[in-house]
Every structure is written in C-alpha cells, then in structure tokens.
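A quick write-up on the structure given underneath.
The values are calculated or read from the model by the stated rules, or taken from the named source; none is laboratory data. Just so we're clear, the structure is a prediction, and the values are computed from it rather than from any experiment. Here Cβ is always computed from backbone atoms with ideal geometry, including for glycine, and neighbour counts include all displayed protein chains.
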Amino acid sequence: MATTENLKEAFAGESQANRTYLAFAKKAEAEGFKQIAKLFRAAAEAETVHAHAHLRVSGGVKGTSDNLQAAIEGEGHEFREMYPKFLAEAKAELNKAAQMSFQFALAVEEIHHGLYEKALATLRQGKDLDAAAIYVCPVCGNTVIGEAPDKCHVCGVPKEKFVEVK
C-alpha cells in the first residue's frame, strides 16, 4: 500500500510544481526574462508528464463517464465543503486577498460542477457536447461555453479579457 500512497503524493507534488512553475514563468516574462520564462514552462511541462504517469499508473484515469463523475464529486466537495470553510477562516482572520481568492474559486467550482453534470448527462445519451467555443476568465477562472459574456458575472472582468480554450 505504500506505493499507492506514494503515487498519490507524487501526483500531487508534480501537479503543484507544474502550476507553480507556470506562475514563475509569467513573472519572469513580465520582468523581461524570456529565456528563464521558457525554462520554467519547459520544466512545468515535464512535471505534467510525471504527474500524468503517476495518475495513470495509480488507476486514476478511467473512462470518460467515470472521469466526469469523479470531476463532479471533486467540484461538489470544493464548492459545498472546502471553500466555504476556507472562506470563513479567511474572514475570521480579516485576510481580504484570501477571501477574494476563495470566493472566486467557490463560485467557479460550482459552475464547473454544473458543466460536468451537463456533460455527463449528454454522454449518457451517447453523445458529445455540441461544438462550441469555451472561454475562461483570467481573473477568477469563470468558464463559459458559447460566447463570453460582456462582463464576467463572478469578478466583473470585461469580455475582451476572456481567453478562448483551444
């Protein structure tokens, strides 16, 4: 059983390293260090390779129906239990930046939950989702299928800032 737990821990660590290195790359790019930014992005991609291998070996990637169900459960936990607790603690500590970060995540995880439920219902009919653009708000992560709204209903960012996912 130690190996199973080690695979889970390795997956979490590699996943966290990926996101951290991508954030470091953005900062390096903003500071004008294009090659260092590229190095961070390359390392982030390598960490993704490791994370995917650990997840695959541990049996964490199944069929699309099971994967959607796992995503629904994960998102549900986050918006119903995890983020409300985190938000309450941030409020008690008067940490406004953390409050905003948790509030945005809470709202968007509920959106993701609904999108995954719709996808699973469609899949159970033997179909894929209809072809459509998908946009993500770069501030809060709000995810929209179809056309980006004139203004993000979670954080207020204007339509032109939304990023289309390819």
For this session: For THR143, state whether it is more than 24 Å from LEU22 (Cβ to Cβ), modelled with pLDDT of 95 or more and among the β-branched types (Val, Ile, Thr).
Result: no
The residue that is farthest from ASN18 (Cα to Cα), considering only those in region 51-67 that are touching a residue at least 24 places away in the same chain (Cβ under 8 Å) and within 18 Å of the chain's Cα centre (by Cα), is THR64
Within region 88-109, the residues that are of a type outside the set (A, V, I, L, M, F, W, C) and surrounded by fewer than 17 Cβ atoms within 10 Å (Cβ to Cβ) are GLU89, LYS91, GLU93, ASN95, LYS96, SER101
Is there a residue in region 116-125 that is surrounded by fewer than 14 Cβ atoms within 10 Å (Cβ to Cβ) and hydrophobic (A, V, I, L, M, F, W, C)? yes
Subset of region 96-119, residues touching a helix residue (DSSP H, G or I) at 6+ places or on another chain (Cβ under 6 Å), farther than 23 Å from ASP66 by Cβ and of a type in the set (Phe, Trp, Tyr), comes to PHE102
Expected single match for modelled with pLDDT of 95 or more and within 18 Å of the chain's Cα centre (by Cα) among LEU115, LEU123, LEU94 is LEU115
Here the residues within region 19-65 that are charged (D, E, K, R) and either under 30 Å from GLY126 (Cβ atoms) or assigned to a helix (DSSP H, G or I) (or both) are ARG19, LYS26, LYS27, GLU29, LYS34, LYS38, ARG41, GLU45, GLU47, ARG56, LYS62
